[in-house]
2 protein chains.
Amino acid sequence: MRTKLILSFLLLTCFVAFSREKNLEKPKKQDITVDEKGLIKICVMYPFSEGKTFNMEYYETKHMPMVAGFLGANLVKYTIEKGLSSGIPNQALPFMAIGTFYVKSLSEYQAAVAPNRDAIRADFANYTNVTPVILVSEVVK
Amino acid sequence: MRTKLILSFLLLTCFVAFSREKNLEKPKKQDITVDEKGLIKICVMYPFSEGKTFNMEYYETKHMPMVAGFLGANLVKYTIEKGLSSGIPNQALPFMAIGTFYVKSLSEYQAAVAPNRDAIRADFANYTNVTPVILVSEVVK
């Protein structure tokens, strides 16, 4: 009787363990998939042209963390990319760098940035001599 | 003796199940973190201007899956975003849409696209009347 009880308990434990293992994978996969869809992206794009400069180290270690700090829990993540070339042969590099903020709410982003706009703009001179183009977009896929 | 064998087997099975469950979480979390850093992005950007059109449904359901199909295992993921506005007041929307391929190797991407370039370009007319700007960049963060 006791052996049967132990056996039943162990079988149940195994069943629970395997079920949990199965379920564990699902939410993780969904997290990755729904991660960005529906989010708002603010892409700050620095156009390339002759004589224009961009200090990636300052941008990565000082400017982007400063702006990210203003955004609070509305910021899901931010990314930085370094322009390498145009994808069309014999065309100039379109952008030297792009910094992107992924946020849940555009109005919250605007409210957070407004009181800090002067500080953000004043910092531009520390890493670039170009005025960025800014695109607000929605992640479709 | 038989009961002991069964018990040992079940215990071992449980142990294996729990160990696998534990290990499952680790690589997944790392995947999310290192997901994009160091990857090459090919951003295909469709500039906005008066009279220019873009059919997002065709782009999402036909064009992007077709190009993605050419890229094989080199393609880590692709994203689509819909331009909403300029982030700078009183400036025109810079881009109507951006499609981005995240790949491991630029040369592999170029080799995969080259023999299909005509098919890709011929499909443009099915969803837009604008010529895209293409940026090749490296994910820094």
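Coordinate-derived values only; no laboratory data. No experiment lies behind these values; they were computed from the predicted model shown. Cβ placement follows ideal geometry from the backbone for every residue including glycine, while neighbour counts extend to all protein chains displayed.
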Q: Give a residue-ordered list of calculated ³J(HN,Hα) values for the stretch A:54-64 (Karplus: 6.51 cos²θ - 1.76 cosθ + 1.60, θ = phi - 60°; whole Hz; x for Gly, Pro).
A: 8, 9, 5, 5, 5, 4, 6, 9, 10, 5, 5
Q. If each residue's Cβ is checked for other Cβ atoms within 10 Å, how do A:Glu81, A:Glu138 rank with the fewest at the top?
A. A:Glu138, A:Glu81
Q) What is the gain in length, in nm to one decimal, between A:Ile120 and A:Ser107 on full extension, counting 0.36 nm per residue of separation less the C-alpha to C-alpha distance? A) 2.9 nm
Q | Förster radius 25 Å - calculated FRET efficiency between A:Thr61 and B:Asp35, Cβ distance, rounded to 0.05 | A | 0.70
